[in-house]
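*Asks:* Sharing a structure below in structure tokens format, with a few things to ask.
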Amino acid sequence: MVTGQVLIDGTAEGPLLRLVEPISFWGGVDPATGRLTDPRHPQHGVAIAGTVLVLAATRGSSSSSAIMLELLARGIAPAALVLGEPDAILALGIIVGREMGYPAIPVLALPPAAQALLPEGMLRIAKGGGISAA
Amino acid sequence: MAAGSRGPAIAMAARILNETAAMLGAERLVTVTSSHVDGCLYHGDSGTHFAERLASEGGRVAVPTTLNVGALDLLHPGRVQFDPRTAEMARRMMVAYEQLGCVPSWTCAPYQAGHRPALGEHVAWGESNAVVFCNSVLGARTNRLGDFLDICAALCARAPYTGLHRDENRRARVVVDTRALSDALKRLDAFYPVLGAWLGAEIGSDVAALIGLPAAIPEDSLKALGAAAASSGAVGLFHIVGVTPEAPDLAAATGGQPPARSIVLTAAMLRAARDRLSTAAAGTDRIDAVAVGSPHFSLAEFAALDRLVGSGRFKIPFYACTGRAVLGEIERNGMLARLGEAGVEFVTDTCVVVAPILPKAGGVLMTNSGKFAHYATPNTGFATVYGSLADCVASALAGRVTRDERLWS
């Protein structure tokens with residue numbers, strides 16, 4: 001088991017989905033379907049709903065928090081986010097979502113080198129930031 | 001404020017601010033003197049509900065606050081082709097932000113609509129191009145605030161004291177040497193978006209100092225550089241030695257410390273970055289529309305367009321996106337009527353990559369904007385061809401792609 005830095009605490013379970021290249025949620029994720037929509041991204045078309053989404057880096061628009069909020073409102077958000085470094089923009093969408101009464105998801109920061117060691121398959125996130133195979 | 005002394009809307013905004021500040025490891029909040037809000041663009045009903053909750057609970061901005069683009073062109077009804085329900089939710093969102101006391105500027109270039117904080121001023125801005133311009137060109141201080149944190153900061157006049165608010169994070173850690181590039185290339189308007197696109201892809205969110213650029217760079221070129229760097233990467237601040245206010249010399253830009261990285265930029269690296277801005281098949285001469293104005297077109301850019309068009313008439317749709325402040329100026333000076341006759345379609349309050357405006361049939365979109373080139377394909381389905389403003393005009397007059405390649409080879 002590894003432990004990530006807790007940005008938003010919580011529990012979750014879902015299949016690991018590792019983004020092989022950075023993405024901007026705005027322009028890169030369709031808020032109506034939860035699929036990756038940037039045709040330049042190698043995982044174009046993949047659905048992120050329900051996954052433990054592992055991102056080494058994010059990029060681009062500050063509107064990504066709005067996309068995150070809409071994914072939560074529609075119930076098609078990832079089960080958890082594991083970011084390469086603390087990022088206020090995506091986590092902000094979750095903080096606002098909690099104020100609006102939408103279900104929150106845990107967000108952890110874990111350096112890319114440690115992300116690379118996460119096992120493929122189902123992962124479980126525990127309170128306090130523990131990540132283990134489910 | 002979080003205790004509710006200024007009402008429930010401010011209390012909610014303060015909770016969001018405090019929680020975000022704690023997550024970022026900020027030891028405190030900093031007082032800000034202005035805000036630019038990006039959260040007013042409709043991405044789904046959740047954003048409308050958030051803004052309406054703040055407004056219905058009595059929220060009112062505490063500092064001068066401009067608004068970024070919305071999803072509708074309020075001056076040209078029918079320009080945006082939403083279904084009626086989406087249009088209504090987008091309109092309600094724009095109304096809610098006005099009710100919160102924001103200035104209905106509806107532009108991604110507020111700094112060219114009278115909103116220009118001073119050197120060293122702490123502000124709270126959203127919209128990545130506005131943030132990078134504010135930090136780099138004006139020398140005011142803001143982080144790249146995510147949507148919703150911008151309005152929370154405006155309501156509370158506070159922002160987390162982290163990142164680019166602090167001296168130590170504003171020094172350049174990367175030095176980019178452009179001296180190997182020709183002076184003629186550096187005089188091209190099309191050079192700066194490409195430089196920005198390369199920079200963002202190369203350094204992500206780092207702060208760079210660029211050396212070897214001309215001492216007099218037009219403001220619109222700095223705007224284009226920043227916008228491209230903030231979309232291909234997450235650049236929030238750059239320094240150009242001898243040009244931007246915090247970089248009178250290299251030592252000032254780096255804080256006198258050795259850079260973590262030094263990069264010598266070559267013409268080949270830049271050409272590769274330029275080619276990445278075009279997603280249409282190489283060598284295609286098909287073109288279905290042109291879009292300019294990301295960030296929103298300035299008065300100077302309209303003057304350049306006016307000179308290039310002359311008495312010509314476009315064979316394909318040519319969209320120019322701008323703010324209502326600039327639109328008012330070109331209406332008064334006669335350019336609006338002249339350019340309209342040439343076939344320019346004006347888009348205000350919004351733009352062609354954030355709202356359904358372009359022809360539904362799709363095809364190839366030509367642009368001089370690194371930001372449009374970055375977002376047009378994922379957001380609109382159009383393939384892109386990148387060129388200078390002169391290339392865009394020549395292509396729209398000819399009805400096929402016409403690019404002057406000489407300086408890039």
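*Asks:* Of the residues that sit in the stretch A:74-110 and are buried (at least 22 other Cβ atoms within 10 Å of the Cβ) and of a type in the set (Gly, Ala, Ser), which one is farthest from the other protein chains (Cβ to nearest Cβ)?
*Replies:* Looking at the filtered set, the residue picked out is A:79.
*Asks:* For the stretch B:264-275, how many residues meet the condition of being crowded, with 18+ Cβ neighbours inside 10 Å and touching a helix residue (DSSP H, G or I) at 6+ places or on another chain (Cβ under 7 Å)?
*Replies:* Counting residues in the stretch B:264-275 that are crowded, with 18+ Cβ neighbours inside 10 Å and touching a helix residue (DSSP H, G or I) at 6+ places or on another chain (Cβ under 7 Å) gives 3.
*Asks:* Same structure, new question: Can you name the number of the only condition in (1) more than 14 Å from chain A (Cβ to nearest Cβ); (2) under 28 Å from residue A:32 (Cβ atoms) that residue B:52 fails?
*Replies:* Only one criterion is unmet by residue B:52, namely (1).
*Asks:* Restricting the search to the stretch B:118-148, which residues are surrounded by fewer than 24 Cβ atoms within 10 Å (Cβ to Cβ) and either on the phi < 0 side of the Ramachandran plot or within 14 Å of chain A (Cβ to nearest Cβ) (or both)?
*Replies:* B:118, B:119, B:121, B:122, B:137, B:138
*Asks:* Can you tell me which condition residue B:252 does not meet? The list is (1) more than 20 Å from the chain's Cα centre (by Cα); (2) closer than 19 Å to residue B:373 by Cα, and all the others hold.
*Replies:* (2)
*Asks:* Output the number of the condition that residue B:23 fails; it satisfies all remaining conditions of (1) farther than 25 Å from residue B:161 by Cα; (2) at pLDDT below 95; (3) not acidic (Asp, Glu).
*Replies:* (1)
*Asks:* So which residues in the stretch A:1-44 are within 14 Å of chain B (Cβ to nearest Cβ), assigned to a strand (DSSP E or B) and charged (D, E, K, R)?
*Replies:* Of everything in the stretch A:1-44, just one residue is within 14 Å of chain B (Cβ to nearest Cβ), assigned to a strand (DSSP E or B) and charged (D, E, K, R), namely A:35.
*Asks:* A follow-up question, please. Please return the ranges of helices (runs of 4 or more DSSP H) entirely within the stretch B:333-401 where 3 or more residues are more than 19 Å from residue B:229 (Cβ to Cβ) and more than 14 Å from every other protein chain (Cβ to nearest Cβ).
*Replies:* Counting at least 3 such residues, we get B:335-342, B:389-398.
*Asks:* Now a separate question. Report yes if some residue within the stretch B:3-16 is surrounded by fewer than 21 Cβ atoms within 10 Å (Cβ to Cβ), touching a Pro at 6+ places or on another chain (Cβ under 9 Å) and either in contact (Cβ under 8 Å) with a residue 12 or more places away in the chain or in the same structural domain as residue B:129 (by TED's automatic domain parsing) (or both); otherwise report no.
*Replies:* No.
*Asks:* In addition: Within the stretch B:185-202, restricting attention to residues that are surrounded by 22 or more Cβ atoms within 10 Å (Cβ to Cβ) and of a type in the set (A, V, I, L, M, F, W, C), which residue is farthest from residue B:391 (Cα to Cα)?
*Replies:* This residue is B:199.
*Asks:* Please name all residue pairs, on different chains or six or more residues apart, with Cβ atoms under 9 Å, provided the first residue is in the stretch B:21-41 and is farther than 15 Å from residue B:130 by Cα and more than 11 Å from chain A (Cβ to nearest Cβ) and the second residue is assigned to a loop (DSSP other than H, G, I, E, B) and acidic (Asp, Glu).
*Replies:* Matching pairs, first to second residue: B:32/B:121; B:33/B:121.
*Asks:* Take the stretch B:58-94 and flag every residue that is of a type in the set (A, V, I, L, M, F, W, C), surrounded by 22 or more Cβ atoms within 10 Å (Cβ to Cβ) and not in a loop (DSSP other than H, G, I, E, B).
*Replies:* B:67, B:90, B:93, B:94 - these are the residues of the stretch B:58-94 that are of a type in the set (A, V, I, L, M, F, W, C), surrounded by 22 or more Cβ atoms within 10 Å (Cβ to Cβ) and not in a loop (DSSP other than H, G, I, E, B).
*Asks:* Also, quick follow-up: Condition (residue is within 14 Å of chain A (Cβ to nearest Cβ) and of a type in the set (Phe, Trp, Tyr)) applied to the stretch B:177-193: is it met by at least one residue?
*Replies:* no
*Asks:* Residues in the stretch B:208-228: is at least one at pLDDT below 95, in contact with a helix residue (DSSP H, G or I) (Cβ under 7 Å, 6 or more places away or on another chain), within 13 Å of another protein chain (Cβ to nearest Cβ) and surrounded by 20 or more Cβ atoms within 10 Å (Cβ to Cβ)?
*Replies:* Scanning the stretch B:208-228 turns up no residue that is at pLDDT below 95, in contact with a helix residue (DSSP H, G or I) (Cβ under 7 Å, 6 or more places away or on another chain), within 13 Å of another protein chain (Cβ to nearest Cβ) and surrounded by 20 or more Cβ atoms within 10 Å (Cβ to Cβ).
*Asks:* Tell me, which residue of the stretch B:163-184 that is assigned to a loop (DSSP other than H, G, I, E, B) and in contact with a strand residue (DSSP E or B) (Cβ under 9 Å, 6 or more places away or on another chain) is surrounded by the fewest Cβ atoms within 10 Å (Cβ to Cβ)? Write out each step before concluding.
*Replies:* Initial filter on the stretch B:163-184 (assigned to a loop (DSSP other than H, G, I, E, B)): B:166, B:170-173, B:178-182.
This time we only want the ones that are in contact with a strand residue (DSSP E or B) (Cβ under 9 Å, 6 or more places away or on another chain), so: B:166, B:170-173, B:178-180.
Working: B:166: 13, B:170: 20, B:171: 19, B:172: 27, B:173: 17, B:178: 20, B:179: 9, B:180: 12.
Per the criteria, the residue is B:179.
The values are calculated or read from the model by the stated rules, or taken from the named source; none is laboratory data. Bear in mind the structure is a predicted one, so any value in this text is a computation, not a measurement. Every residue, glycine among them, receives a Cβ derived from its backbone with ideal geometry; neighbour counts consider all protein chains shown.
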